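Below is one structure, written out as structure tokens; comments come after it.
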Amino acid sequence: MFNIQRPRRNRKSEAVRRLVRENLLSTNDLIAPLFLKDGKDIKEPIHSMPGVVRYSLEHLVQECRELYALGVPCVALFPAIEEKLKNAKASEAVNPNGLYQKAIKEIKNAVPDLLIMTDIALDPYSSDGHDGIVDAKTGMILNDETLEILAEMAVVQAKAGADIVGPSDMMDGRVAAIRDALDEENFSNVSIMSYTAKYASAFYGPFRDALNSAPKKGDKKTYQMDYANSREALREAYLDEEEGADILMVKPGLPYLDIIKLLKDNTTLPIAAYNVSGEYAMVKAAHQNGWVDGEKVMMEMLTSFKRAGSDMILTYFAKEAAQLIKNQ
Ligand code: PBG
């Protein structure tokens, strides 16, 4: 008796492995999140995210040029706002001349074909460190009051030149409110990438270090999702789709590959995965200790997002991965 079924034949050489390979990470799939801050000539390291820095505008623009030259199609911007500009209403979020809007304009001028994705949520600008308005008496996060500000943020960002707005706040009805406000102002071409299934996650720790945006009180569990749930992600996906989202995102990425697959199987919209700060930090820390080969782990991890069904990946590894792919 011969063993006629030998799956190993399809693995016998690199050439055959290349032929049968099902998923391939491409630079076209990458979105680079970037942190910016006010000032001149700043590249400030974020200790919990080795290799990631906060850029002042001129360096931010230069980084965008380099990313675009490498073939990365999109950047996602996150502002580190000075404490003195933060307040309970997050009013700096809608300042047309604020740092964030300035950055969008400058990048658009310098690298017009690079897509700029924005973040819509109050936390970088909020003295409470929450994504929505906090009721001073009860400490509750006020949904509908927050929607008005989010919609205004979208319009201000669109006016500055944003291509894609990214509501990351998890308020109910925000995609509809933002779509409505954008269309009202003739920005029907501005896309919405909704943070559809955004979980209340400890993996955001290093990001909150980067922006000094951790909640002053409590946690985000009344708006971000419970990590024990998956059916709820479908409900959020149906709502976002109905409300006019163009792309659905799952966040974090690696511990939520099942959610990526679930949404992919239940929508015709493109799916994004956010490979968040804590996932990045773990790989870098283990690499620095000599415990894993960081580069190999990075590629395995990014490819796992493709295998699960992500069309695109927001990742702090974007530049490193793009360089690696280019030199392959
Ligand atoms: C907040 C926001 C967070 C991230 C992106 N937007 C953190 C949070 O919800 O507290 C996290 C990204 C990361 O960890 O890389 N609107």
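The values are calculated or read from the model by the stated rules, or taken from the named source; none is laboratory data. Small disclaimer: the values here were computed from a predicted structure and weren't measured. Methodologically, a virtual Cβ is constructed for each residue, glycine included, from the backbone with ideal geometry; neighbour enumeration extends over all protein chains shown.
Summary of computed values
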item	result
Some residue of region 237-248 being within 14 Å of the chain's Cα centre (by Cα) and farther than 30 Å from Leu99 by Cβ	no
Criterion: in contact with a Phe, Trp or Tyr (Cβ under 9 Å, 6 or more places away or on another chain), surrounded by 13 or more Cβ atoms within 10 Å (Cβ to Cβ) and farther than 23 Å from Ala210 by Cβ - qualifying residue of Leu25, Leu36	Leu25
Residue in region 211-233 that is closer than 19 Å to Pro33 by Cα and surrounded by fewer than 16 Cβ atoms within 10 Å (Cβ to Cβ) present	yes
Condition check for Glu63: of a type in the set (Asp, Glu), in a helix (DSSP H, G or I), closer than 29 Å to Ala154 by Cβ and in contact with a helix residue (DSSP H, G or I) (Cβ under 6 Å, 6 or more places away or on another chain)	no
Gly132 vs. criteria modelled with pLDDT of 95 or more and of a type outside the set (Lys, Arg)	yes
Residues of region 89-125 satisfying the condition of being charged (D, E, K, R) and closer than 15 Å to Tyr55 by Cβ	Lys102, Glu106
Pairs, first touching a residue at least 12 places away in the same chain (Cβ under 8 Å) and basic (Lys, Arg) in region 265-287, second surrounded by fewer than 19 Cβ atoms within 10 Å (Cβ to Cβ) and assigned to a strand (DSSP E or B), C-beta under 7 Å, six or more apart	none
Breaking point among (1) hydrophobic (A, V, I, L, M, F, W, C); (2) farther than 17 Å from Ser126 by Cα; (3) surrounded by 15 or more Cβ atoms within 10 Å (Cβ to Cβ); (4) touching a residue at least 60 places away in the same chain (Cβ under 8 Å), for Ile178	(4)
Residues being closer than 24 Å to Met298 by Cα and in contact with an Asp or Glu (Cβ under 9 Å, 6 or more places away or on another chain) - total across region 44-59	8
Residue match in region 64-71 (condition: closer than 21 Å to Leu314 by Cβ, among the acidic types (Asp, Glu), at pLDDT 95 or above and surrounded by 20 or more Cβ atoms within 10 Å (Cβ to Cβ))	no
Filter result for the condition that a residue is without any contact (Cβ under 8 Å) to a residue 60 or more places away in the chain, surrounded by 13 or more Cβ atoms within 10 Å (Cβ to Cβ) and touching a Leu at 6+ places or on another chain (Cβ under 9 Å), over Ile31, Ile116	Ile116
